[in-house]
Amino acid sequence: MTFFQIGYIYEMDAALRDRIKNVTAARKSRDENKEFVLAHPDTIPDWLAFAFETDDRDSHLACWVLELVANERLELFAPHLDFICPRLHMLNDESAIRPLAKICLLLVVSNFKKTGKILLSNDNLKLITEACFDWLIGDAKVASKVHAMRTLYLIGNQIDWIHPELRMIVEKEYPHQSAAYKVGAREILGKTK
């Protein structure tokens with residue numbers, strides 16, 4: 001049982017908090033911290049807790065590292081899905097939304113693969129769907145919107161109402177968006193015909 005399931009507040013180790021706050025955008029820094037998390041997977045709850053401290057202007061730093069961890073060992077997130085999914089709507093910083101949108105995509109891809117290591121509950125799929133629609137119609141930047149589109153497309157293969165809604169939003173936004181958005185949009189529009 002993780003501390004998230006128990007439901008009590010805890011104090012993060014000061015050294016770990018300092019480590020997270022000292023992550024930089026430099027790939028070397030993010031990779032070093034990814035390796036630290038992979039070597040110490042028991043710290044994932046702390047990284048996640050920090051990622052969702054949305055009142056801390058540095059919370060996105062944890063998100064950057066968690067995305068790299070998810071790319072390599074997505075299964076480490078399985079015990080924490082009931083913490084992550086209900087908090088996705090709390091994210092308001094684009095620097096946090098983009099990596100979490102990517103993590104959502106990875107989770108959904110794994111969920112629908114026959115050999116996937118992640119099993120999302122119906123509640124978690126619903127929460128991811130809501131967050132992705134919010135990112136898609138909100139002020140999120142292109143990378144977040146494209147991750148959200150792809151995630152919604154995959155979920156829509158299982159839930160009937162999603163593809164028509166996704167198609168309607170993408171078609172409406174298409175003329176007003178950047179070239180990068182349009183590339184992702186054409187992919188989704190082509191698949192949802």
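The values are calculated or read from the model by the stated rules, or taken from the named source; none is laboratory data. Note that this is a predicted model, so its numbers are computed, not measured. FYI the Cβ positions are ideal-geometry reconstructions off the backbone, even for glycines, and counts take in every protein chain you see.
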Filtered residues of the range 104-135 (kept if farther than 17 Å from Ile159 by Cβ, loosely packed, with under 15 Cβ neighbours inside 10 Å and in contact with a helix residue (DSSP H, G or I) (Cβ under 9 Å, 6 or more places away or on another chain)): Lys117
Index of the failed condition, Gly184 passing every other in (1) small (Gly, Ala, Ser); (2) at pLDDT below 95; (3) in a helix (DSSP H, G or I); (4) surrounded by fewer than 20 Cβ atoms within 10 Å (Cβ to Cβ): (4)
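Find the residue count for the range 163-176, including only residues that are over 19 Å from Lys102 (Cα atoms) and surrounded by 18 or more Cβ atoms within 10 Å (Cβ to Cβ).
So in the range 163-176, the residues over 19 Å from Lys102 (Cα atoms) come out as 163-165, 167-169, 171-176.
Still in the list and also surrounded by 18 or more Cβ atoms within 10 Å (Cβ to Cβ): 163, 167, 169.
Number satisfying all stated conditions: 3.
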Odd one out for Leu48 among (1) part of a helix (DSSP H, G or I); (2) over 22 Å from Asp13 (Cβ atoms): (2)
Evaluation of Thr54 against (1) in contact (Cβ under 8 Å) with a residue 40 or more places away in the chain; (2) surrounded by 19 or more Cβ atoms within 10 Å (Cβ to Cβ) (one fails), failing number: (2)
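Can you go through Ala179, Ala101 and tell me which one is closer than 26 Å to Leu61 by Cβ and either modelled with pLDDT under 95 or surrounded by 14 or more Cβ atoms within 10 Å (Cβ to Cβ) (or both)? Steps first, answer last, please.
On the way: Ala179 fails: closer than 26 Å to Leu61 by Cβ.
Only one candidate passes the filter, namely Ala101.
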